[in-house]
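Comments concern the structure below.
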Amino acid sequence: MPAAIVTGGANGIGRATAQLLARDGWNVAVTDRDAAGAQRVADEIGAVGFGLDVADEADVDRVFDEALQALGSIDGLVTAAGIVDTTPFMDVSVASFRKIYDVNVIGTFLCIREAAKRMPRGARIVTVSSVAGKRGGGLSGTAAYAASKGGVLALTRNAARSLADRGIAVNSIAPGSTSTAMLAPSIESADHKARIEGISLLNRIADPAEIAEAIVWLLSPKASYVAGETLTVDGGLMLD
């Protein structure tokens, strides 16, 4: 039975991915900065849960060791942990920019690196970027968020090159607007929500489970010849 670590698994895309992996027969380690939330999801799906700050190098090292011990192997990694920022460009502080980068970029890097140390050949990694990283924002996430998610895209490609000799495939998913707790504050305005929905060809915001389906496919043998790719799942938003 394959085993995977999912970061940011207490809510949103991470939670939906952990649920789907468990349904498909994976052993799952659910991790999140919200330790209680991670454990709650783990209990729901018959997984193991861990509190994890992805921006803390020592914490990532410790938790990945514990996850490996609990799971027996690490065959997949999903880096769904992330934070958003909607501060207008001219108002973004350096401290805020660094915080976003610490979690979204450095956190993703640390998790890829530490997972790769413990993974067998044939393992697969899926990072979670965003259409904001391809568009440069323009929807809800602004400068710091868009730049960080663009960083995740570049990091994913480099990781794919760097880990290929180890037999580890690395890909990314770039969701469009998705109904998560992280997005909720930015769509409190009915006008803004309608604008976001209207940009998508499907005229709606995605459910996290729809993004999870694409992530789980990239982790599966069905995607065996996909490497260094970014799969955009946005309901046609990028065609705007």
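Annotations
- Of the trypsin sites (Lys or Arg not before Pro) found in segment 73-140, those that fall in a DSSP loop while having at most 11 other beta-carbon atoms within 10 Å are 121.
- Computed from Cα atoms, the angle from the helix 208-219 axis to the main principal axis of the chain rounds to 40 degrees.
- Per the Debye formula on identical point scatterers at the alpha carbon atoms of segment 110-175, with no solvent, log10 I(q)/I(0) at q = 0.17, 0.22, 0.27, 0.29 Å⁻¹ is -0.58, -0.82, -1.05, -1.15.
- Full-stretch length increase - residue 44, residue 91 - with 0.36 nm per residue and alpha-carbon distance subtracted: 12.8 nm
- q = 0.08, 0.14, 0.18 Å⁻¹: log10 I(q)/I(0) that the Debye formula gives for segment 3-239, counting C-alpha atoms only: -0.26, -0.83, -1.39
- Legend: calculated FRET efficiency, residue 239 to residue 24, from the Cβ-Cβ distance at R0 = 25 Å, rounded to 0.05, equals 0.25.
- Extension reserve of the residue 113-residue 99 stretch, reckoned as 0.36 nm per residue once the Cα distance is removed: 3.0 nm
- For the residues 110, 52, 201, a GNM of the chain with alpha-carbon springs under 10 Å puts the largest fluctuation on 201.
- Gain upon complete extension [residue 204, residue 225; 0.36 nm per residue less C-alpha separation]: 4.4 nm
- Dividing the mean sequence gap of close Cα pairs (under 8 Å, 6+ apart) by how many residues the chain holds gives a relative contact order of 19 percent.
Just so you know, all these numbers are worked out from the coordinates, no wet-lab data involved. Small disclaimer: the values here were computed from a predicted structure and weren't measured. Note that each Cβ is placed from the backbone with ideal geometry, even for glycine, and that neighbours are counted across all protein chains shown.
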